[in-house]
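Let me begin by presenting the structure, written as structure tokens, before commenting on it.
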Amino acid sequence: MAEMEFGWKFAQCFGDKGEVEDITEADIISTVEFDHTGDYLATGDKGGRVVLFERNDGKKGCEYKFYTEFQSHEPEFDYLKSLEIEEKINKIKWCKRQNAAHFLLSTNDKTIKLWKVFEKSLKVVAENNLSDGLRPQNGRIQQLRLPKLTHHDTIIAAVPRKVYANAHAYHINSISINSDGETYISADDLRINLWNLNISDQSFNIVDIKPVNMEELTEVITAAEFHPSHCNLFMYSSSKGTIKLSDMRTAALCDQHSKMFEEQEDPTNKSFFSEIISSISDVKFSRDGRYILSRDYLTLKIWDINMETRPLKTINIHDHLRNKLCDLYENDCIFDKFECTFSGDGQNVLTGSYNNYFHIYDREGLTDIALQADKSAFKAKRVGASSKSKMLARTKSSKKEEINVDAIDFNKKILHASWHPNENSIAVAATNNLFIFTEL
């Protein structure tokens, strides 16, 4: 019914389908990322594991199957600072494929690793001097034969090719691979470093906003990304609600930005929570590099790279929570970092919300499709009752449904999602489950 009318359907769910109370912390998915072809999908979790999925060509539509899993990071301890370093995977980025192997970057709070994932042939000794039951006579072998190895099995192996460590004093929140395929940036709260993928013991600091006196600290870097086609341009967002575009050609240290995208706040709306809710949790370029998508706690904004003073469109995601900010501050939900992403063609945008809902908007913000990544989705699929799957769709002209704020489960939230680069299929992380939704 609703599914057919608005064109999206639940396709798959990976992960334990038990109750939320039984979930192990280590199994909670912390990042989701399609590769450049969309044929492979990676997830990272709080237990430091990376799980890869491969497109299942034997199935109609957009379906995936398990490819391989490996332990990317282990818990560590910094003895100098007496700090525990979590194994949680913060971000995964795929390198563009050059040969039969896959290369991907994964990072926790401190260390970035370059992984090579490839098919490995396991061979066993099939023939040797003792294989046919002959025993040496008088301690002598009459005829020496070279051992023969034969193919036994093919496994998917993952090996760390490079480990980029000791370059960040603060927690890494972003990594982004350059369009040149040779370099990438990593960002923490106060600094952004530029790396060459082939050199693990040296990086260049290109942004440093750390004040001489830390008591004068007023903002932190929240996300950073390279321009999709101009290898000299990158942007980074801040907790003050600004997005800065920098050009690496202008200076070695890019503290002086080329452009700054900022919308002035209405003084009448100013409150104790203003600074917290204006903090940008994620920024993304559209594939053509013309538009920038940014997400703060209450809104999703679409910017034109040529217009710095205000966004092209502001979409209210959590307007119904504006009167509940005090409670959200008390339970720390106001600090939730929701990601956002453009569709492959740049015509639609996606971001998450509470109650395991996520929203798909067209770029003009005229339509809002709300889908729920919930167990009801695959239950509905199993019994063939599409009407049971949770789906709301509305246009700006229609009256917005009243949302019962008190009924919202703030423990169920969609923070991480990725959009297939070439088609309208999306991967969504809901606690310890990975959901695939696709357009009909």
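Evaluating 6.51 cos²θ - 1.76 cosθ + 1.60 at θ = phi - 60° for every residue in segment 222-228, the Karplus couplings come out as 10, 6, 8, 8, 6, 5, x Hz, glycine and proline recorded as x. Rounded to the nearest Hz, the phi-derived 3J(HN,Hα) couplings of segment 252-267 under the Karplus curve 6.51 cos²θ - 1.76 cosθ + 1.60 (θ = phi - 60°) are 5, 9, 8, 5, 8, 6, 7, 9, 10, 9, 8, 10, 5, 7, 5, x, where x marks glycine and proline.
When you restrict to C-alpha pairs under 8 Å that are six or more residues apart and normalise by the size of the chain, the relative contact order lands at 14 percent.
Backbone N atoms of segment 165-188 closer than 17 Å to the 7 Å Cα→Cβ label point of residue 82 are not found in any residue.
If r is the Cβ-Cβ distance from residue 26 to residue 213 and R0 is 35 Å, what FRET efficiency results, to the nearest 0.05? If you can, show how the numbers build up before the last one.
Values: r = 39 Å, r/R0 = 1.11.
Here the calculated transfer efficiency is 0.35.
Solvent exposure of the chain, expressed per residue, is 51 Å² of accessible area, with all protein chains present and a 1.4 angstrom probe. With the simple model of a label 7 Å out from the Cα in the direction of the Cβ, residue 362 to residue 265 spans 3.3 nm. Here the average projected area of the convex hull drawn through the C-alpha atoms of the chain stands at 28.8 nm². For residue 241, the residues whose amide H sits under 5 Å from its own are 280, ignoring neighbours fewer than 5 places away on the same chain, with H placed 1.01 Å from N.
In this simple spin-label model, placing a label point 7 Å from the Cα along the Cα-to-Cβ direction at both residue 347 and residue 202 gives a separation of 4.8 nm.
For the residue pairs 88/413; 113/412; 96/337, alpha carbon separations beyond 21 Å are given by 113/412; 96/337.
Couplings 3J(HN,Hα) of segment 428-438, computed from phi: 10, 9, 10, 6, 9, 10, 10, 9, 10, 10, 9 Hz, in residue order, whole Hz [Karplus 6.51 cos²θ - 1.76 cosθ + 1.60, θ = phi - 60°; x for Gly and Pro].
Around the amide H of residue 312, modelled in the peptide plane, lie the amide H atoms of 302, 303, 304, all under 5 Å away and 5 or more residues distant in sequence or on another chain. Go ahead and collect, in residue order, the members of segment 218-233 whose backbone nitrogen is under 17 Å from a label point 7 Å along the Cα-Cβ direction of residue 36. It comes to 226-233, nothing else.
Per residue and in Å³, how big is the convex hull formed by the alpha-carbon atoms of segment 218-328? Mind showing how you got there, number by number?
On the way: hull volume 11.9 nm³, N = 111.
Here the figure is 107 Å³ per residue.
The residues neighbouring residue 346, those whose beta-carbon lies less than 14 Å from its own, together hold a net charge of -1 under the Lys/Arg +1, Asp/Glu -1 convention. Suppose R0 equals 51 Å. What FRET efficiency, 1/(1 + (r/R0)^6) with r the Cβ-Cβ distance, do residue 322 and residue 119 give to the nearest 0.05? With R0 = 51 Å, the Cβ-Cβ based efficiency is 0.45.
Within the shell of other residues whose beta carbon sits under 13 angstrom from the beta carbon of residue 159, the net charge comes to +4, with Lys and Arg scored +1 and Asp and Glu -1.
As a test of the formula, what do you get for the chain when each DSSP H run with n ≥ 4 contributes -39,500 (n - 2.57) and the sum is divided by the residue count, at 222 nm and rounded to the nearest 500 deg cm²/dmol? Before the final figure, lay out each step's value.
On the way: 4 runs with 25 residues, N = 440.
Value at 222 nm, helices only: -1500 deg cm²/dmol.
Between residue 309 and residue 290, 0.36 nm times their residue separation minus their Cα-Cα distance comes to what? Present the calculation step by step, with values, prior to reporting the outcome.
Numbers: separation 19, 0.36 × 19 = 6.84 nm, distance 1.57 nm.
Contour length minus Cα-Cα distance gives 5.3 nm.
Overall, the ratio between the Cα radius of gyration of segment 21-109 and 2.2 N^0.38 Å, rounded to two decimals, is 1.25.
The values are calculated or read from the model by the stated rules, or taken from the named source; none is laboratory data. This structure is a prediction, so every number in the text was calculated from the model and none was measured. Glycine also receives a Cβ, built like all others from the backbone with ideal geometry; neighbour counts cover every protein chain displayed. Ligands, DNA and RNA are stripped out before the accessible areas are found, and what is left, the full protein with its side chains, is counted by its heavy atoms. Shrake-Rupley method; radii C 1.70, N 1.55, O 1.52, S 1.80 Å.
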